[in-house]
Amino acid sequence: MAYELPDLPYPFGALEPFIDEQTMKIHHDKHHSAYIDKLNGALEKFPDFQGMEIGELLSSLDSLPEEIKQTVRNNGGGHYNHGLFWEIMAPNLAKEPKGNLKKAIARDFGSFEKFKSDFGALAANFFGSGWIWLLEENGKLKIEAWPNHDNIRIYKLKAKDILILDLWEHAYYLKYQNRRPEYIEAWWNVVNWEEAEKKFLISNFSSFAPR
Ligand SMILES: [Fe+2]
């Protein structure tokens, strides 16, 4: 069974004016779609790996044939990360977390404002293409910035994804061009804190499984 492009959980224009419709269309229908096509193409000759949950596949890179290892890492990582990215955004939502996640952010970062400023500074200063994450590892929240489409499954971390922000230029260039800090600032308006809270509360580290 081949990996498939998940539908966006909202219309392409739903995140306007913060993330524009055209960017969302190209990002989802072209970029994410191309990662999946390349991933499926790489696995064509290797049926043993075709039915695996995407996170499981990324954690098994060592056992993949050498000729497809890098392609699966790049494109499988792209599929995993984008699937997660679409889920943790939504229009017209609360601008802050509440409940357990709010408490954990205050516990581990001092305050929500401090968390936002640490996350934003790291994202703004990250060099090149990559992603920035809010994770939970060993019962503690942390911010990580990783290059390309790397993620917790590729690094085999026993961690939970909570939030993720795409720092590739394709995520913001049409609207924000070189002004990455403006994109980051705008993105806070479309963070789906309810979904982030759900991800924070799951007990299974690998429960996120797009196909
Ligand atoms: Fe992207």
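Listing for the model above:
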{"item": "Unmet requirement for Ala159, which otherwise passes all of (1) in contact (Cβ under 8 Å) with a residue 60 or more places away in the chain; (2) crowded, with 18+ Cβ neighbours inside 10 Å; (3) of a type in the set (Gly, Ala, Ser); (4) away from the ligand (no atom under 14 Å from the Cβ)", "result": "(1)"}
{"item": "Single match in Glu56, Glu4 (criterion: touching a residue at least 60 places away in the same chain (Cβ under 8 Å) and exposed (fewer than 13 other Cβ atoms within 10 Å of the Cβ))", "result": "Glu4"}
{"item": "Inter-residue pairs, beta-carbon under 6 Å, first β-branched (Val, Ile, Thr) and in the stretch 102-120, second modelled with pLDDT of 95 or more, 6+ apart", "result": "Ile105/Phe112; Ile105/Phe115"}
{"item": "Scan of the stretch 168-183 for residues that are within 16 Å of the ligand (Cβ to nearest atom), over 14 Å from Phe127 (Cβ atoms) and either at pLDDT below 95 or charged (D, E, K, R) (or both), ordered by number", "result": "Lys175"}
{"item": "Verdict on Gly128 being within 16 Å of the ligand (Cβ to nearest atom), more than 15 Å from the chain's Cα centre (by Cα), outside any strand (DSSP E or B) and not β-branched (Val, Ile, Thr)", "result": "yes"}
{"item": "Top-ranked residue in the stretch 69-92 [being at pLDDT 95 or above and of a type in the set (S, T, N, Q); ranked as nearest to the chain's Cα centre (by Cα)]", "result": "Asn81"}
{"item": "Residue within the stretch 91-101 that is more than 23 Å from Lys140 (Cα to Cα) and surrounded by 14 or more Cβ atoms within 10 Å (Cβ to Cβ) present", "result": "yes"}
{"item": "Contacts under 7 angstrom Cβ, first residue in the stretch 166-192 being of a type in the set (Ser, Thr, Tyr), partner within 16 Å of the ligand (Cβ to nearest atom) and not in a helix (DSSP H, G or I), 6 or more apart", "result": "Tyr183/Tyr172"}
{"item": "Lys140 vs. criteria touching a helix residue (DSSP H, G or I) at 6+ places or on another chain (Cβ under 9 Å), closer than 23 Å to Ser63 by Cα and surrounded by fewer than 16 Cβ atoms within 10 Å (Cβ to Cβ)", "result": "no"}
{"item": "Cβ-Cβ under 6 Å pairs, at least 6 apart or on other chains, the stretch 18-44 side free of Cβ contacts under 8 Å to residues at least 12 places away in the same chain, far side within 15 Å of the ligand (Cβ to nearest atom)", "result": "Glu21/Phe12"}
{"item": "Check on Lys142, in contact (Cβ under 8 Å) with a residue 12 or more places away in the chain, within 16 Å of the ligand (Cβ to nearest atom) and on the phi < 0 side of the Ramachandran plot", "result": "no"}
{"item": "Residue that is nearest to Gly128 (Cα to Cα) [pool: residues in the stretch 169-193 that are within 18 Å of the chain's Cα centre (by Cα) and not in a helix (DSSP H, G or I)]", "result": "Tyr172"}
{"item": "Filtered residues of the stretch 151-172 (kept if farther than 25 Å from Leu201 by Cβ and out of contact with any Lys or Arg (no Cβ under 8 Å at 6 or more places or on another chain))", "result": "Trp168, Glu169, His170, Ala171"}
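The values are calculated or read from the model by the stated rules, or taken from the named source; none is laboratory data. Everything numeric here is computed off the predicted structure, so don't read it as measured data. Cβ coordinates were reconstructed from backbone atoms using ideal geometry, including for glycine residues, and neighbour counts include every protein chain displayed.
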